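Each remark here refers to the structure printed beneath this line.
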Ligand code: RFL
Ligand code: PHB
């Protein structure tokens, strides 16, 4: 026997996509239930994205979860691009008519959304399965934390369960996948030390890509390009700092990287992935469940936010007014932005990373692109516009 319940929108996954969708729907007076496989502490502590686009910040503010973001988020009006040992600043605000990025950890966004949640949010659920979405009686079956089997009848199901979730698998036969796996990964660390630069530094070097980012005035976030199958075991803290110093070194010696205790380390593979379409009857894929970008463009969470803004609006129009046009256009509207972000992320990745086999021709192309971006207004604006985030439609 399983407990039967009903809601308007059943949401699988409590990452940024699922939580923000739930929040927007609740604000619009649409009932929803969020189901999450992990426990609350895990979800709130998972270290991931750090860069919010301007439109993402605008959305979070407009829906009432921007107060801590406004206090603790670091607004950056510029970004540094480094190659051949020289650093070049792009003034994002000047190049875009006033826009900027904001550095604020994804897990902080997640914490803010969980704190703001008033509707049902179940952690530690298991055996989640979706069915009935081809007709008009979608159901989510799952097992609660206490072991009780449950069936949630919904009008719509949102698959916000990330790249390794189950909802995309439920439509595996009906999707077309576009994919590129890159021949490298990122080793990322968090260190208890003040950032050595006020702005992010994306660095191309002969030894591979490096990125200097941050989380707060006391915490630095750093990344290194490593081989795709790299394990963290071979990377002592000493080796990480030495490699970062080598790659981030500037020719004139005018800058120094400050080090400190490393308290988080991980390796992330690099992949571009799109599953089309994002709608299957009454099942809607959103965020990483539908698409993955390499992190070089800092777009993953921002795309998740755009998807659910579109989905919330469309679901409200359908459920409150019987207008299905938004749901009908959901996939196409989202995929247009997804492919722009795919191109941008691929471009940033290919400009900054060393291919495993040295390719002198490609090296010169990378340099040429970086010269163009850092020495012309058109090149700089092309990067800046995409990086701060094109306006939501
Ligand atoms: P998430 O965050 O993966 O959340 C999915 C949630 O679903 C749960 N889940 C299930 N729940 C119930 N039943 C199941 N069967 C389930 N299976 C899974 C999971 O536990 C999880 O809680 O997906 P979402 O919400 O779509 O959000 C996407 C973002 O997390 C992702 O795109 C970003 O983190 C990508 N990303 C970045 N994005 C940016 O916008 N800016 C950045 O600066 C940035 N940097 C990054 C990144 C991702 C990184 N890694 C580690 C992948 C840097 C890194 C290193
Ligand atoms: C981060 O701070 O985690 C970060 C910054 C920029 C990126 C990716 C990740 O492109």
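At-a-glance table
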{"read-out": "Overall dimensions of the stretch 150-273 by Cα: Rg and Dmax, Å", "value": "19.2, 64"}
{"read-out": "For a label point 7 Å along the Cα-to-beta-carbon line of residue 371, residues of the stretch 85-121 with backbone N under 17 Å", "value": "85-88"}
{"read-out": "0 to 90° range, to nearest 10: angle between helix 237-248 axis and the chain longest Cα axis", "value": "70 degrees"}
{"read-out": "Cα-projected label distance for residue 320 with residue 332, points at 7 Å along beta-carbon direction, nm", "value": "2.5 nm"}
{"read-out": "Solution diffusion estimate, µm²/s, Stokes-Einstein, the stretch 178-234, Kirkwood Rh from C-alpha pairs, 20 °C, viscosity 1.002 mPa s", "value": "171 µm²/s"}
{"read-out": "Whole-angstrom Cα spans of the stretch 1-114 along principal axes, big to small", "value": "67, 28, 22"}
{"read-out": "For the chain, the fraction of alpha-carbon pairs in successive 10 Å shells from zero, as %", "value": "5, 23, 32, 24, 12, 4, 0, 0"}
{"read-out": "Footprinting exposure proxy for 214, 278 (fewest neighbouring C-beta atoms within 10 Å first)", "value": "214, 278"}
{"read-out": "Most mobile listed residue (58, 134, 146) in the chain, GNM with C-alpha springs under 10 Å", "value": "146"}
{"read-out": "DSSP bridge orientation in the chain - percent antiparallel, rounded to nearest 5", "value": "75 percent"}
{"read-out": "Simple spin-label estimate for residue 172 and residue 254 in nanometres, 7 Å along Cα-Cβ", "value": "5.5 nm"}
{"read-out": "Ranking of 361, 273 by count of other Cβ atoms within 10 Å, fewest first", "value": "361, 273"}
{"read-out": "18 Å reach of a label modelled at residue 144, 7 Å along Cα-to-Cβ, counting backbone N of the stretch 30-49", "value": "32-40"}
{"read-out": "Nearest 10 degrees, 0 to 90: helix 106-116 Cα axis against the chain principal axis", "value": "30 degrees"}
{"read-out": "Percentage, to the nearest whole number, of Cα pairs in the stretch 91-196 over 20 Å apart", "value": "66 percent"}
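Laboratory data are not the source of any read-out in this text; all were calculated from the coordinates shown. The model shown is predicted, which means the values in this text are computed figures rather than measured ones. Positions of Cβ are backbone-derived with ideal geometry, glycine not excepted, and every protein chain shown enters the neighbour counts.
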